[in-house]
1. Kindly count the pairs of lysines across the chain whose alpha carbons are less than 17 Å apart, treating pairs on different chains or eight or more residues apart as eligible.
2. Any idea which of Val171, Gly142, Gly350 is furthest toward the positive side of the dipole for the chain, if Lys and Arg beta-carbons carry +1 and Asp and Glu beta-carbons -1?
3. What is the magnitude of the charge dipole of segment 2-191 about its Cα centre, with +1 placed on the Cβ of each Lys and Arg, -1 on the Cβ of each Asp and Glu, and no other charges, expressed in debye to the nearest 20?
4. Can you give the calculated 222 nm mean residue ellipticity of the chain, where each DSSP H run of n ≥ 4 adds -39,500 (n - 2.57) and the sum is split over every residue, rounded to the nearest 500 deg cm²/dmol?
5. May I have the pair-distance distribution P(r) for segment 200-405, computed from all Cα-Cα distances with 10 Å bins from 0 and rounded to whole percent?
6. What is the gain in length, in nm to one decimal, between Gln323 and Glu231 on full extension, counting 0.36 nm per residue of separation less the C-alpha to C-alpha distance?
7. Along the Cα→Cβ direction, 7 angstrom out, place labels at Leu151 and Asp54. What is the inter-label distance in nm?
8. Let me check against my output: what whole-number percent is the relative contact order of the chain, with C-alpha pairs under 8 Å and at least 6 apart?
Amino acid sequence: MKVDIHSLGVFSQLAREGSHHAADSLSQLTGIDVFVDVTNITLLSPDDLRESFDDEQFVGVQIGFDGQFEGETVLVFKRENIGALLEYLLPGSYTGDGIDEFAKSGVKEVGNIMMSGFIDGWADHLGTAIDMTPPTYVEREGTDVLPQRALESGEEVFLFESRLETLDRDVNFFIYMFPEYGAMTELMSLQREDDDEAIPVDKLSVFNQMTKQGAKGAAENISMMTGVDTEVDVSRLSFVPIEDAPNHVGDDRFAGVVIGFQGMPSGYLLILFDEASARTVAETMLPMETEGDGLGDMERGAIKELGNVMTSGFIDGWANVLQTSIDHTPPQFVHDMGSAIVSPVVGRLGQSQDFAFMIDSTVRTEREQFRCELYALPDEAELKRALETLDVDRAGETKVDADQYF
């Protein structure tokens, strides 16, 4: 089964429009302004899906759908936001003593209205009826809020993810849609425009696995340089409108490096530490303590050196599998909000493409001494060429010898 950029773009746009319909439905119901922060299509393994959710408490609804397009959706918000939400929906109904049956029915009604707006656009585009099950109220922790079928799947999972916020940011909504994998890939295949531009879906899955192995290579190089054991927490391949990529990273402040790579594929790699982690990892690499609490020249130099070695561990595994050469530029140190760091990269890629394949991996230490985010944004045309030549039987050959870097 094959898909192309057009078919992925169609379904990305449908998810985005559906999210806007859901936001508009809530706005009409409550009179509050709700906007869509980010929407993306993600391909990830069930294990990485589990790792994507921490122990956050969620409240919301689950709704199934079937027809030509089938699967399950979840609309949830953080448990801590329940008071603000119910005040919008049912002023004076929330006393702080818990969620009574009246409040639960309100949440179910809101979920039903919002998800109807989300799903109806898909039905209109496909020219078919999509039936929805009655909403089931859920109040659960972490991955327990997700459909079991997605978690128990033995294959990669397509996840359509949208984040909605009220204008005052006092309530965040999350829409997760899990279409049935076979039906989803068949629909995507039917939407493609150009067979010459099509990519086998199984190669996207293999490339996603390669990415996780590349992140493990980067993590091993961190361990070699710092003496601290690290592990890859989660790895995912997302497809986002190019202008949404900065929102995908968010506005938290990071310090790290941006590195360009050329070959097949070409693109950019961002290695970003939160500020506390950046300071910690720099200290583990420096032979002596430095003055002050900031990131001076020595700390910046250490982070650039680490970024350079991590990049080699990340992309050399790709080169091994693709049997090609991938070179990279010297690291550029960055220290800013995540969205501000990504924006210049997006500006360059956006000159030739409307969407981005965004590869996101998290590397952390067992006791959270530090953690970093790896974002790879390959050039769309170069990635397509790389996937065309990808031999899936070589997917496990990402291992590189870390000793060559030291």
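Just so it is clear, none of the values below were taken in a lab; they were calculated from the coordinates. Every value quoted in this text rests on a predicted model; they were computed, and no experiment measured them. No Cβ is skipped: glycine too gets one built from the backbone with ideal geometry, and neighbour counts run over all protein chains shown.
1. Working: Lys2/Lys203; Lys2/Lys384; Lys78/Lys104; Lys78/Lys108; Lys203/Lys212; Lys203/Lys384; Lys212/Lys399; Lys216/Lys399.
Going through the chain pair by pair, I get 8.
2. Ranked along the dipole, the leading option is Gly350.
3. Numbers: 11 positive and 35 negative charges, 66 e Å.
The dipole of segment 2-191 has a size of about 320 debye.
4. On the way: 12 runs with 172 residues, N = 406.
About -13500 deg cm²/dmol.
5. Per 10 Å bin, starting at zero, the Cα-Cα P(r) for segment 200-405 comes out as 9, 37, 37, 15, 2, 0 percent.
6. Details: separation 92, 0.36 × 92 = 33.12 nm, distance 2.62 nm.
In short, 30.5 nm is gained.
7. Simple spin-label model gives 1.9 nm for this pair.
8. On the way: 833 pairs, mean separation 85.8, N = 406.
21 percent.
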